Amino acid sequence: MVARANMWSAGYYPGWEQGSMPASNIDFTTLTHVIHFSLVPNSNGTLNSNANSITIANSADVISRAHVSGTKVLICVGGADTETLFQGATSGVNLFINNLTNFVATRGYDGVDIDWEPLPAADAQQYTNLVNGLRSALNGFPQHKLLTAAVGAYPPFGDPATSEYVMFASLQNQFDQINIMTYDLSGPYGGWVTWFNSPIFDGGFRFPSTGGLVPSVDGAVKGFLGSGVASNKLGVGIAFYGYIWSGGTGTTTGGVTQPRQSWANAPAVSTPSYNTIMGSYFQTNLYHWDTSAQAAYLSISNASPANDMFISYDDPRTCQAKVSYVRNHGLGGVMIWEIAQDHQSGQADPLLSAVKQALDSPGPIIIQSLSQDIALSFNGMALGSYRVQWTDSLTNNLWNTLVVTNVSGPGQLLQIVDPHPLNSPQRFYRVQSPQ
């Protein structure tokens, strides 16, 4: 049986969340890597550990608990809107690198995650110098230290269409993981339409204004692969938050309530956590699943169009479909922003639990005799693809395909029947995913 196939599952864990979600509450058996968020670079090459509560105590707590489960912990440097700070810090890149590696050594981290945002083509040389120099410095440790990056799904607006992808193709051997931030893929921009925060597919839909395909996980992955980045270097982002589109008055249909809607006056957009969406907005009659995009959303209509809402978010089915997408395409793993956003003290974390179930898929196979037939049952995940095979000898390594099955709906228990196998003296089975 092939299950996880060495996929990574990396979860961002902000220091400021450690009060409401202590490290003792994290299910480290779900995560291969925790990315502690984050150090802020100062323009003079020093590091600000206070801005996001990366205290000595917080570092020690997460590292000690993670290491018990064999989970690696990396320190992130950067975050949203840190471009200018990185530009200054890397003007004296050797000092900056020395400060980072000293921090890793002093606190006991397993590596560094670079989150330079935004990263336009104009910063490519400084970014390259940082990556090459940091990789070289990390190689000086007696044990391997990881170097990962959070990267934009698409090049920044105004840059050449492949500039970011080409740069990461040239740097890929320096990284252990390149995690694509496949979220924040929409917004109330000029010429846009309502669209999902983190859809797996574009569904063939194009912007009415330009004719270009709307963004998607699949579109971003193809951009990196098409420029030569190896599939096993890439991770796909899972969002534990969503987008609320509200208002958009002046449209012919009132406020925005659906994906792919145009507007006359731009809607307002906010980014609540999964917990907030479920606690304040979710009702079963408002829930919808968009099959072409493989994305969940809520559609809320009110008497006043200004109070209408379209809420896009990753739900448990989306999380599992993303794990299946990664497995089906031979990618390296998944990355989560961020693991506290579905956490409630004393309760199961629904999204993290869904990721864990998908990573463990297909799990144990139940084999039952049905008269002259054999029935095999196992858990199939959303968007999963499974090949069930059999052999009568484990020594010849000759496997016969019994069936190939694809899960088009949500995760479900699959049952496969092998007709009349009892005529054979012995029978062995395996399930491969991807098929």
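Overview of values
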| item | result |
| --- | --- |
| Excluding exposed DSSP-loop chymotrypsin sites (Phe, Trp or Tyr not before Pro) (at most 12 other C-beta within 10 Å), longest clean stretch of the chain | 190-435 |
| Nearby aspartates and glutamates by direct alpha-carbon distance to Lys233 (threshold 13 angstrom, same-chain neighbours under 8 apart not counted) | Asp176 |
| Candidates per trypsin sites (Lys or Arg not before Pro) in region 1-75, loop by DSSP, up to 16 other Cβ within 10 Å | Arg4 |
| In nm, spacing of pseudo-spin labels at His144 and Gln347 (7 Å Cα→C-beta vector) | 4.0 |
| Hits among lysines - C-alpha to C-alpha of Lys356 under 18 Å, sequence gap 8 or more where chains match | Lys72, Lys322 |
| Selection from Ile365, Pro305, Ala340, by position along the positive dipole direction of region 286-409 (Cβ) | Ile365 |
| Which of Val214, Val77 has the fewest Cβ neighbours within 10 Å, and the rest in rising order | Val214, Val77 |
| For Thr395, Thr210, Thr194, Thr128, order by how many other beta-carbon atoms lie within 10 Å, fewest first | Thr395, Thr210, Thr128, Thr194 |
| Among Gly203, Gly380, Gly45: highest mean-square fluctuation, GNM of the chain, C-alpha pairs under 10 Å | Gly203 |
| Whole-number percent relative contact order across region 61-133, with pairs defined as alpha carbons under 8 Å at least 6 apart | 43 |
| Antiparallel %, DSSP beta bridges [both residues in the chain], to 5 | 55 |
| For the chain, size of Cβ-based charge dipole, Lys and Arg +1, Asp and Glu -1, in debye | 740 |
| Cβ-Cβ FRET estimate between Leu394 and Ser69, R0 fixed at 35 Å, reported to 0.05 | 0.65 |
| Neighbour-count order for Ile336, Ile26, fewest beta carbons within 10 angstrom listed first | Ile26, Ile336 |
| Rg over Rh, two decimals, the chain (C-alpha only, Kirkwood Rh) | 1.00 |
| Extent along principal axes [Cα atoms of region 364-432; Å; largest to smallest] | 37, 28, 18 |
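Taken together, the values in this text are just the output of simple stated rules run on the coordinates, not laboratory data. These numbers come from a predicted model, not from an experiment. A quick note on method: Cβ atoms are made from the backbone with ideal geometry, for glycine too, and the neighbour counts reach across all protein chains shown.
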